[in-house]
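The values are calculated or read from the model by the stated rules, or taken from the named source; none is laboratory data. As the structure is a computational prediction, the values presented were derived from the model and not from experiment. Because the Cβ atoms are built from the backbone with ideal geometry, glycine has one as well, and the counts that use them run over all protein chains shown.
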Amino acid sequence: MAHFQVRKLFLLVASWNILMPRVSSLADEVSVVFQGIDNATTLLLSDDGATLYVGARDEVLSLDVSQPGVMTVKRKTVWPPGPENINQCTERGKNEKVDCPNYIRVLQFLNGTHLYACGSHAFKPHSRLFDRETLEFLGSPKEVRGHCPFNPLKRSAAITVDGELYTATTSDYLEKKPSISRYLSKGRNDMTLDSHMSVLEEPTFIKSFFVPSERKVYFFFSEVGKEYTFTEKLTVSRVAQVCTDDVGGEYMLQKRWTTFAKAPLVCQPQRQLPFTVMQDIVALPPPENERADNTLFYGVFSSQWPSAAAASVVCAFQLSDVNAVFSGNYKTYKTETNQWLPQTDKALNIGKCGLLHENGKKLEYVRKTFLTDGKVQAVNRRLALVSADEDYCRIAVQRTKAANGRAYTVLFLLTESGFLHKAVLLGTGHRIIDKTQVFTPPQVMKSLLLSTAKGVVFVGSSEGVTQVPVSLLLQLLYLPGVRFETRPLLCLGHVSWDLCQCVHDCL
């Protein structure tokens, strides 16, 4: 009996050690670091997962990532600003080495053969097309506005849909004209926001997503909430929408969105201040054969107040909830009082696609009625993850099936100090199961991209690109002393399946 108790105690200690987050560096992992790339801000993976395109400082690269644990250069094209552009940049007081290179901020596939790129180009944005296979220039570069930011440090969002470019960025040197636009439009007007009134207030754009079944592009960002009358500026996180078939009004709002609408996102613990500053967001498609409106958006948020109870939190939002808010009531801006008031004309379908032929009176109403009255609440009105001391800056998410057939959501969270945390979401909360130091010494984090097909996470930094495997999350551990139905956790790769099973069977 005593022998059994000692064995049981040993297994309890072993299982406790298993459940503690493993802390490691890349020296402990089967990882690949590709150095020599300055400011790998933009990452784009080919549909077959074999090629990783990198937008960096003064260059665009394609890396062969078809083989596990290997990254090699396929093509590299240098694209710096000319001397005249650099001189103009420095004459405006900018630093030649820091501000005046060409930082590639947008990389998108236009079709099966063309790659679109837009760079800050010494604070004078330029775009150009590349051959996807050879990275050769196709045509001449074009000076553009509204495609990507002037300031390389300014965040923006861009996505292509059927060869057309949808962007969210500032369109002027002083960063006073934020806009959501469509360019490269095929046989129809390019589109942008109406400039009659201030539609966006000091926004920081984060990401954009296209949902084919909705025929809509969704933009996520944070901005100042002008609907509130506090003495201090209140930051609010938003989701905005535009319909892809929007071509503007026939007589009013010509070449201006008629379907633009924006809604607040609420990421707030009970009886505490909300977390309103969005750092990053990612979409998790629904399981196969489920409706598109079951899509989830996982976002990392921080607080604008230093007294917040946590450094970072993660909230999930469901597309069906987003669409329900956009289908509900709106607020109308009254210029006489500078107030947002509940809409009065509820017969007009604000935010709906297909308003081209509405009369001028109704479109005038649309012009001032684009803020939803309702708010998009987090799923179950709960925070998915809370971190008291980690400043998370990027997120990726994966749904994985465990040995018992149940599906679990795994978050990959990048910290500002250069660690990649792996967390599994459980019914009762979350558990951090692995902490990998991606860079030693720490570097400035630029981008995070998950390839579920390859089973790797790509991390772009100020000095290169790193490939980190996610295969450490594939086995199942059962916690001792808990009912079978409620005790699943992911088993770390450095623990054998025999020990995991033994912990389950023997306790």
Check whether at least one residue in region 297-311 is at pLDDT 85 or above and touching a helix residue (DSSP H, G or I) at 6+ places or on another chain (Cβ under 7 Å), and report yes or no. no
Per the filter on region 414-445, residues within 15 Å of Leu383 (Cα to Cα) and either crowded, with 22+ Cβ neighbours inside 10 Å or not β-branched (Val, Ile, Thr) (or both) are Ala423, Leu425, Leu426, Gly427, Gly429, His430, Arg431
Report yes if Thr231 is surrounded by 16 or more Cβ atoms within 10 Å (Cβ to Cβ) and closer than 27 Å to Tyr330 by Cβ, otherwise no. no
Within region 400-408, is there a residue that is modelled with pLDDT under 95, surrounded by 16 or more Cβ atoms within 10 Å (Cβ to Cβ) and either under 30 Å from Trp340 (Cα atoms) or touching a Ser or Thr at 6+ places or on another chain (Cβ under 7 Å) (or both)? yes
Small (Gly, Ala, Ser) and crowded, with 17+ Cβ neighbours inside 10 Å - does that describe any residue in region 352-361? no
Does region 169-176 contain at least one residue that is within 28 Å of Asp64 (Cβ to Cβ), in a strand (DSSP E or B) and of a type in the set (Ser, Thr, Tyr)? no
Filter result (over 28 Å from Asn289 (Cβ atoms), touching a residue at least 60 places away in the same chain (Cβ under 8 Å) and either in contact with an Asp or Glu (Cβ under 7 Å, 6 or more places away or on another chain) or outside any loop (DSSP other than H, G, I, E, B) (or both)) within region 227-247: Thr235, Ser237, Ala240, Val242
Based on this model, can you work out whether Ala388 counts as surrounded by 12 or more Cβ atoms within 10 Å (Cβ to Cβ), of a type in the set (Gly, Ala, Ser) and in contact (Cβ under 8 Å) with a residue 24 or more places away in the chain? no
Given the conditions (1) surrounded by fewer than 14 Cβ atoms within 10 Å (Cβ to Cβ); (2) in contact with a Phe, Trp or Tyr (Cβ under 9 Å, 6 or more places away or on another chain), every one holds for Lys124 apart from (1)
Of the residues in region 86-136, those that are assigned to a loop (DSSP other than H, G, I, E, B), closer than 21 Å to Lys74 by Cα and among the charged types (D, E, K, R) come to Arg132, Glu133, Glu136
Just one of the numbered conditions (1) surrounded by fewer than 19 Cβ atoms within 10 Å (Cβ to Cβ); (2) in contact with a Gly (Cβ under 9 Å, 6 or more places away or on another chain) is not true of Thr134; which one? (2)
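Of these, Val23, Val54, which one is surrounded by 15 or more Cβ atoms within 10 Å (Cβ to Cβ) and either modelled with pLDDT of 50 or more or not charged (D, E, K, R) (or both)? Before the answer, list the steps.
Numbers: Val23 fails: surrounded by 15 or more Cβ atoms within 10 Å (Cβ to Cβ).
Just one listed residue meets the conditions, Val54.
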Inside region 137-164, can you point out the residues that are hydroxyl-bearing (Ser, Thr, Tyr) and not in a loop (DSSP other than H, G, I, E, B)? Ser140, Thr160
Given (1) of a type in the set (D, E, K, R); (2) touching a residue at least 24 places away in the same chain (Cβ under 8 Å); (3) out of contact with any strand residue (DSSP E or B) (no Cβ under 6 Å at 6 or more places or on another chain); (4) closer than 24 Å to Arg238 by Cα, where does Lys375 come up short, assuming only one miss? (3)
Taking only region 151-167 into account, find how many residues are buried (at least 22 other Cβ atoms within 10 Å of the Cβ) and either of a type in the set (Asp, Glu) or over 15 Å from Gln108 (Cα atoms) (or both). 1
Read through the list (1) touching a residue at least 12 places away in the same chain (Cβ under 8 Å); (2) part of a loop (DSSP other than H, G, I, E, B); (3) closer than 30 Å to Val98 by Cβ, then give the number of the only condition that Val199 fails. (3)
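Specify which of the listed residues (Glu223, Glu175, Glu250) is surrounded by 14 or more Cβ atoms within 10 Å (Cβ to Cβ) and in contact with an Asp or Glu (Cβ under 7 Å, 6 or more places away or on another chain). If you could, list the steps in order and put the result at the bottom.
On the way: Glu175 fails: in contact with an Asp or Glu (Cβ under 7 Å, 6 or more places away or on another chain); Glu250 fails: in contact with an Asp or Glu (Cβ under 7 Å, 6 or more places away or on another chain).
Selected residue: Glu223, the only one of Glu223, Glu175, Glu250 that is surrounded by 14 or more Cβ atoms within 10 Å (Cβ to Cβ) and in contact with an Asp or Glu (Cβ under 7 Å, 6 or more places away or on another chain).
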Sole residue being buried (at least 16 other Cβ atoms within 10 Å of the Cβ), under 22 Å from Met252 (Cα atoms) and out of contact with any helix residue (DSSP H, G or I) (no Cβ under 9 Å at 6 or more places or on another chain), chosen from Lys346, Lys368: Lys368
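Please work out if Glu201 is surrounded by fewer than 21 Cβ atoms within 10 Å (Cβ to Cβ) and over 18 Å from Phe260 (Cα atoms).
Values: surrounded by fewer than 21 Cβ atoms within 10 Å (Cβ to Cβ): yes; over 18 Å from Phe260 (Cα atoms): no.
For Glu201, the condition - surrounded by fewer than 21 Cβ atoms within 10 Å (Cβ to Cβ) and over 18 Å from Phe260 (Cα atoms) - is not met.
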Would you confirm whether or not region 49-57 contains a residue that is in contact (Cβ under 8 Å) with a residue 40 or more places away in the chain, charged (D, E, K, R) and in the same structural domain as Tyr116 (by TED's automatic domain parsing)? yes
Of the residues in region 286-316, how many are out of contact with any Ser or Thr (no Cβ under 8 Å at 6 or more places or on another chain), β-branched (Val, Ile, Thr) and crowded, with 23+ Cβ neighbours inside 10 Å? 1
